[in-house]
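Worksheet for the structure shown next.
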Amino acid sequence: MSSTSSAAPLVVLSPHLDDAVLSCGGRIAHAVEQGRRVIVATVFTRDEPAEPPSALAADLRRWWNLPPGEVMSRRRAEDVEACRRLGAESLHLDLAEAPYRTDGTDGTDGPDAAGAILYPTLGSLYGELAPADAAAESELVRALARFEPEAELLGPLGVGHHVDHQLVRRALLAARPGAALYEEFPYTEWKWFAVARALRALGADGGSRWEEETVPIDSRLLDRRREAIAAYASQVPAMFRTDARLAKQLRRAVRRAGGERIWRRR
């Protein structure tokens, strides 16, 4: 286990309004039970533009079955409830998700900011970071400075290679080189060797070796994680179709990893 004091706050960075709870809800619940203050800080939570700026943005709204103008507000409310079920605090950092970021913005501009969309297709969401996203990364590094130095920060490993996850990981390691990284569920179940690929990319990027740390998750903590995930009512049907499939994939992921696994620099 980490040498971080049990009294230090735990801040779990979530790229989107579900990633942290999906991936390490058991760890969050366990930390709360141990008396730690836990903050789930979600990065990309800004309201969507009035009109979808691309076919991808329109598809996302349809997949999630959310009404126009209420996509992010509904998802923020879901996140507040999910965190409440785990006993954690929810914090929304108010940057724009990848499908809404434009060339020349830093991710904090208004939802109708002019410019070319950086990630207009589903394929581009899982490609490489656009050079123009350096501004959003810098803005996030500055935002992370708000957390006290003794806080333990935990962020995404980048399993699945989503550009928002890549950006959060890069900003976190720039701000806190010693921070740990969690494996993102359900990408761990959807893509063969995705964890190994993420670690190879991380080694090339950071020039360091990484070692795993696993928190065992018993059935009680797994149930708490599943119940918290269920609060994301717009996301569960799109990702898993049914609650039964969600439960099955969760059990399989925890069994394979031996719990919930994070990675730290040696």
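Nothing in this text is a laboratory measurement; each read-out follows from the coordinates by a stated rule. Predicted, not measured: the structure shown is a model, and the values here were computed from it. We place every Cβ from the backbone using ideal geometry, glycine too, and count neighbours over all the protein chains shown.
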Exercise. Taking the Cβ of V159 as the center, what net charge do the other residues with Cβ under 14 Å away carry, scoring Lys and Arg +1 and Asp and Glu -1?
Worked result: -1
For this session: Please figure out what share of the DSSP beta bridges in the stretch 114-266 is antiparallel and state it in percent, rounded to the nearest 5.
Result: 75 percent
Problem set entry | Dipole magnitude of the chain about its Cα centre (Cβ charges: Lys, Arg +1; Asp, Glu -1), debye to nearest 20 | 1220 debye
Seminar exercise, completed: Non-local residues with an amide H under 5 Å from the amide H of E260, with H modelled 1.01 Å from N and Pro and chain starts lacking one, are V215, I217
Problem set entry | Whole-Hz ³J(HN,Hα) from phi, Karplus 6.51 cos²θ - 1.76 cosθ + 1.60, for the stretch 218-231, glycine and proline x | 7, 4, 5, 5, 5, 5, 5, 4, 5, 5, 5, 4, 4, 5
For this session: Write down the percent of antiparallel bridges among all DSSP beta bridges whose residues are both part of the chain, to the nearest 5.
Result: 35 percent
Exercise. So which GluC sites (Glu not before Pro) in the stretch 130-213 are both in a DSSP loop and have at most 10 other Cβ atoms within 10 Å of their Cβ?
Worked result: E150
Exercise. Got a sec? Charge dipole of the stretch 10-265, +1 on Cβ for Lys and Arg, -1 for Asp and Glu; which of L95, H16, V215 is way out at the positive end?
Worked result: V215
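Provide S23, S124, S219, S14 in ascending order of the number of other Cβ atoms located within 10 Å of each residue's Cβ, fewest first. Kindly include the intermediate steps, with their values, before the conclusion.
Details: S23 29, S124 17, S219 9, S14 32.
In increasing order of surrounding Cβ atoms, one gets S219, S124, S23, S14.
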Seminar exercise, completed: 1/(1 + (r/R0)^6) with r = Cβ-Cβ of V141 and D103, R0 = 22 Å, i.e. FRET efficiency to nearest 0.05, evaluates to 0.65
